Amino acid sequence: MTQTVSRDTPMLEVRNLVMNYGTKDGMVSAVEDVSFTLARGDSLGLVGESGCGKTSIALSLIRLLPDNAVVKQGEVILDGENMLELSPEEMRMRRWDDISMVFQGAMNSWNPVYRVGDQIREAIDIHWDEKPTVREANAKIAELFELVGIDPSMMERYPHEFSGGMKQRAVIAMALSCDPKIIIADEPTTALDVIVQEQVLEELRQIQHDLGMSIIYISHDIAVIAEITNHIGVMYAGKLVEYGPTVDVFARPRHPYSWLLLSSTPSVTGPRMKLAPLEGEPPNLLDPPSGCRFHPRCPFATDRCVAEEPPMEDIVEGHRLACWNHDQVPTTAKETE
């Protein structure tokens with residue numbers, strides 16, 4: 001039985017999550033001691049380079065990991081219940097109902113021989129408490145299509161008759177079909193042009209506002225995360241290195257990696273700034289560096305960074321980071337002459 005939860009309790013709490021992949025060369029430390037919370041109606045962005053562990057966290061949350069992956073430690077508390085302790089059947093029923101996911105590249109995952117509406121109806125038939133009639137299911141799909149900006153008549157069409165942006169919107173409609181409490185959107189605008197990207201993101205913002213749901217956005221594009229989230233978690237090499245309100249992190253990034261990500265991203269507003277390149281490559285997680293995992297690429301690294309791993313600590317209330325030398329990080333990017 002689900003516990004009674006106070007209104008002040010976070011919707012989701014991830015505590016000390018550790019997840020590894022087994023390979024022929026050894027265990028890959030993909031997610032290492034990651035903790036964060038997600039409030040009701042809030043939006044959290046996870047950002048970082050490819051391979052930093054963002055998608056691995058998402059797959060751990062919904063327990064759809066590949067066979068070679070194992071969650072070694074941690075808790076995923078959704079409305080007071082630890083998702084990692086549920087049986088596979090119990091967890092199967094929680095997906096879509098409580099937590100759903102828009103997968104990376106999902107716009108290309110539609111079965112080409114079935115109508116889009118039929119594929120969404122299958123999810124509704126499986127996960128609704130009472131199997132709806134065809135008329136009830138179609139009414140729900142029409143409502144969802146209108147919500148994401150698709151003509152309801154398109155439910156009778158096949159995937160090849162949808163544009164890329166329409167396919168992505170239909171994926172979002174499917175993720176909403178069972179009224180989940182949380183949606184995880186993994187690179188929801190991949191392969192879309194910038195105009196369609198903005199339209200899809202605006203629809204997600206509006207849906208979140210209208211339905212009051214919580215959303216986790218995953219992206220390597222820090223500008224996208226800045227635009228659509230309330231809180232941000234910056235990931236590097238499987239670890240969360242900075243976490244706080246999005247406006248605070250963007251106004252004053254304290255971790256060198258966050259600062260370099262922002263400094264290497266051009267802006268069309270404000271004064272002209274000299275871009276600061278992010279040199280080097282992420283480490284091999286089969287054998288991560290000692291101390292701080294970012295120290296081989298960090299312009300502010302010292303001997304202590306090589307020898308000791310910095311703890312995740314509050315620098316101000318609600319803004320945490322793991323860095324020995326955060327006071328060395330410049331307050332602004334360098335203006336061009």
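The values are calculated or read from the model by the stated rules, or taken from the named source; none is laboratory data. Bear in mind that the values here come from a model prediction, so they are computed numbers and not experimental data. No Cβ is skipped: glycine too gets one built from the backbone with ideal geometry, and neighbour counts run over all protein chains shown.
The set of residues from the stretch 151-164 being crowded, with 18+ Cβ neighbours inside 10 Å and under 19 Å from T189 (Cα atoms) comprises P159, F162.
Residues satisfying the criterion are absent from the stretch 291-306 (criterion: among the charged types (D, E, K, R), modelled with pLDDT under 95 and over 25 Å from the mean Cα position of the chain (by Cα)). Screening the candidates D98, D125, D129 for the property of being of a type in the set (D, E, K, R) and under 28 Å from I218 (Cβ atoms) yields one hit, D98.
Contact map, the stretch 153-182: first residue within 24 Å of D79 (Cβ to Cβ), second residue of a type in the set (K, R) and in a helix (DSSP H, G or I), Cβ cut-off under 9 Å, separation 6 or more or different chains; pairs are S177/R121; S177/K140. Only one entry in F294, F300 is of a type in the set (F, W, Y) and within 17 Å of G233 (Cβ to Cβ), namely F294. Only residues that are of a type outside the set (G, A, S) and at pLDDT 90 or above were counted across the stretch 214-233, and they come to 8.
Conditions tested, residue by residue: (1) in a helix (DSSP H, G or I); (2) surrounded by fewer than 16 Cβ atoms within 10 Å (Cβ to Cβ).
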residue	(1), (2)
E122	yes, yes
R135	yes, yes
I141	yes, no
G149	no, no
M166	yes, no
I183	no, no
Q206	yes, yes
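The lone criterion from (1) in contact with a helix residue (DSSP H, G or I) (Cβ under 8 Å, 6 or more places away or on another chain); (2) modelled with pLDDT of 90 or more; (3) over 17 Å from I216 (Cβ atoms) left unmet by I183 is number (3). For first residues located in the stretch 126-143 and without any contact (Cβ under 8 Å) to a residue 40 or more places away in the chain and farther than 18 Å from M154 by Cβ, partners that are of a type in the set (D, E) and not in a loop (DSSP other than H, G, I, E, B) and lie 6+ apart or on another chain with Cβ distances below 8 Å form the pairs K131/D125; P132/D125.
Give the stretch 294-332 a look and list any residue that's touching an Asp or Glu at 6+ places or on another chain (Cβ under 8 Å) and among the charged types (D, E, K, R), or say none. Within the stretch 294-332, R297, R320 meet the criteria.
The residue that is nearest to V18 (Cα to Cα), counting only those in the stretch 46-72 that are small (G, A, S) and in a loop (DSSP other than H, G, I, E, B), is G53. Being in contact with a helix residue (DSSP H, G or I) (Cβ under 8 Å, 6 or more places away or on another chain) and either surrounded by fewer than 16 Cβ atoms within 10 Å (Cβ to Cβ) or touching a residue at least 24 places away in the same chain (Cβ under 8 Å) (or both) holds for only one residue in E13, E89, E75, E49, and it is E75.
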